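K.L.:
Next up is a structure, given as structure tokens.
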Amino acid sequence: MHPVAIEARSLNKTFITKTGLWKTRTRSTLAVEDISLTIERGELFGLLGPNGAGKTTTVKMLTTLLLPTHGTARILGLDVVQQTAQVRKHIGFAFSGSRGFYNRITATQNLNYFAQLYALDSAITRQRVPQLLELVGLGTRGDDKVETYSSGMVQRLHLARALLHDPEVLFLDEPTVGIDPVGSRELRQTIKNLSSLGKTILLTTHYMAEAEELCHRIAIINKGRIVALDSPEALKRHISGDSVIEACIQPGQVQGILDLLRVLDGRTLVEVKNITEPETVSIRTPEPARVLELLSPYLNPQYIQGLEVRNQTLEDVYVTIIKAGGQ
Ligand SMILES: Nc1ncnc2c1ncn2[C@@H]1O[C@H](COP(=O)(O)OP(=O)(O)O)[C@@H](O)[C@H]1O
Ligand SMILES: [Mg+2]
């Protein structure tokens with residue numbers, strides 16, 4: 001078996017859309033620009049980025065659903081453009097929000113139907129469908145109609161469907177979007193279970209915490225490009241040592257506080273976070289003691305209502321990276 005599960009080399013996708021009243025003008029959108037990735041077998045890899053970053057487009061190219069404009073990609077050594085049919089035998093995918101089940105019949109009946117569609121052997125189907133329902137935590141609900149399912153359960157059923165032909169490589173596009181906290185926690189557990197069974201998983205998400213909890217490595221993608229790629233720990237170290245001080249400041253006092261912090265050099269980043277009252281000023285700094293010293297005369301509810309000092313989270317890193325490339 002090929003040692004590398006997913007390999008992308010300079011993937012590009014430009015969409016050409018017709019616009020204007022008479023559809024005579026064309027507009028091109030560079031959705032994915034020069035994406036290169038190597039994902040090892042057994043890895044749980046996260047593609048993390050804001051809406052419109054190009055995550056779904058990337059996954060669609062890797063799963064043979066969309067032709068790249070330039071570049072190549074291979075799954076287990078098989079070319080996604082030249083060897084489409086063989087690639088599809090080895091991959092499973094689930095896109096968020098897609099419907100695709102018959103609501104009036106049971107989950108088991110739905111999976112049996114799709115197994116037939118994929119020309120799966122009937123003896124294997126009989127054995128695998130209950131196993132898969134069990135694996136995704138729907139073991140006791142297989143005989144219930146899909147119309148009685150919550151969105152989290154439907155999403156898990158999508159996962160079971162993606163696994164019917166026992167693919168080695170799984171693509172999950174925003175698996176927990178629109179699912180309540182309990183449902184998404186269960187789904188994350190299912191994803192971890194699949195990973196420990198040795199599946200290679202590429203998942204996309206715009207939730208930092210989800211990527212941090214699940215993924216061995218994360219590529220942060222913004223405006224179609226990879227802007228950072230590493231393990232969650234290494235990404236955090238990337239801007240290591242810094243602390244974040246968040247101060248709730250009385251309206252009208254913000255400018256004074258900002259002026260006060262001007263003496264600090266460029267290693268300290270000051271940002272006014274929200275325009276609600278009181279305003280929050282976020283200060284990322286390698287010298288928290290110095291910042292607190294500067295603020296100390298104003299630590300009184302007339303100026304500063306509350307103050308929190310914490311270490312950087314991966315979310316801080318993510319926001320910093322996206323903002324740095326975002327303008
Ligand atoms: N079929 C399409 N036609 C035209 N533009 C598209 C199409 N699909 C996606 N795009 C554009 O490509 C960019 C990336 O979209 P997408 O890959 O869906 O991002 P994400 O999944 O990260 O939210 C966006 O600007 C989006 O509007
Ligand atoms: Mg998407």
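The values are calculated or read from the model by the stated rules, or taken from the named source; none is laboratory data. Bear in mind that the values here come from a model prediction, so they are computed numbers and not experimental data. Using ideal geometry, Cβ is built from the backbone for each residue, glycine included, and neighbour counts are taken over all protein chains shown.
K.L.:
Looking at Gly152, is it more than 16 Å from ligand 1 (Cβ to nearest atom), buried (at least 20 other Cβ atoms within 10 Å of the Cβ) and more than 18 Å from Gly92 (Cβ to Cβ)? Steps first, answer last, please.
P.N.:
Working: more than 16 Å from ligand 1 (Cβ to nearest atom): yes; buried (at least 20 other Cβ atoms within 10 Å of the Cβ): yes; more than 18 Å from Gly92 (Cβ to Cβ): yes.
Yes, satisfied.
K.L.:
Another question, if that's okay. Is there any pair linking a residue in the range 178-194 that is within 22 Å of Gln131 (Cβ to Cβ) to one that is buried (at least 19 other Cβ atoms within 10 Å of the Cβ) and β-branched (Val, Ile, Thr), with Cβ under 6 Å and at least six apart or on different chains, and which?
P.N.:
Leu187/Thr176; Thr190/Val136
K.L.:
Are there any strands (runs of 3 or more DSSP E) wholly within the range 200-252 with 1 or more residues that are surrounded by fewer than 20 Cβ atoms within 10 Å (Cβ to Cβ), and if so which?
P.N.:
Values: elements: 200-205, 217-222, 225-230, 243-249.
Here the list reads 217-222, 225-230, 243-249.
K.L.:
Further, regarding this structure: Anything in the range 209-251 that is over 15 Å from Ile39 (Cα atoms), in contact with a Leu (Cβ under 9 Å, 6 or more places away or on another chain) and within 16 Å of ligand 2 (Cβ to nearest atom)? List them, or say none.
P.N.:
Glu210, Ala211, Ile221, Lys223, Gly224 - these are the residues of the range 209-251 that are over 15 Å from Ile39 (Cα atoms), in contact with a Leu (Cβ under 9 Å, 6 or more places away or on another chain) and within 16 Å of ligand 2 (Cβ to nearest atom).
K.L.:
While we're here: What tally of residues in the range 4-13 results from selecting those that are farther than 24 Å from Ile321 by Cα and either within 12 Å of ligand 1 (Cβ to nearest atom) or crowded, with 22+ Cβ neighbours inside 10 Å (or both)?
P.N.:
The total comes to 2.
K.L.:
Considering the range 1-28 alone, what residues qualify as being under 12 Å from Arg74 (Cα atoms) and in contact with a helix residue (DSSP H, G or I) (Cβ under 8 Å, 6 or more places away or on another chain)?
P.N.:
Ile6, Ala8, Leu11
Each row is one residue, and each column tells you yes or no for (1) closer than 21 Å to Phe45 by Cα; (2) within 16 Å of ligand 2 (Cβ to nearest atom).
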{"residue": "Tyr149", "(1), (2)": "no, no"}
{"residue": "Ala160", "(1), (2)": "yes, no"}
{"residue": "Pro175", "(1), (2)": "yes, yes"}
{"residue": "Ser184", "(1), (2)": "yes, no"}
{"residue": "Gln189", "(1), (2)": "yes, no"}
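K.L.:
Is it true that Lys273 is at pLDDT below 85 and not in a helix (DSSP H, G or I)? Spell out how you get there, then give the answer.
P.N.:
On the way: at pLDDT below 85: yes; not in a helix (DSSP H, G or I): yes.
Yes.
K.L.:
Could you pull out the residue among Pro175, Pro167 that is at pLDDT 95 or above and either touching a helix residue (DSSP H, G or I) at 6+ places or on another chain (Cβ under 9 Å) or among the charged types (D, E, K, R) (or both)?
P.N.:
Working: Pro175 fails: at pLDDT 95 or above.
The conditions single out Pro167.
K.L.:
Taking the range 24-57 as the search range and keeping residues that are in a loop (DSSP other than H, G, I, E, B) and within 16 Å of ligand 2 (Cβ to nearest atom), which one is surrounded by the most Cβ atoms within 10 Å (Cβ to Cβ)?
P.N.:
Kept after step one, since they are in a loop (DSSP other than H, G, I, E, B), are these residues of the range 24-57: 24, 41-43, 49-54.
Pick out the ones that are also within 16 Å of ligand 2 (Cβ to nearest atom) and you get 49-54.
Details: Gly49: 27, Pro50: 14, Asn51: 8, Gly52: 14, Ala53: 24, Gly54: 25.
Ranking the candidates gives Gly49 first.
K.L.:
Tell me which residues, restricted to the range 161-185, are buried (at least 20 other Cβ atoms within 10 Å of the Cβ) and over 19 Å from Val87 (Cα atoms).
P.N.:
Glu174, Pro175, Thr176, Ile179
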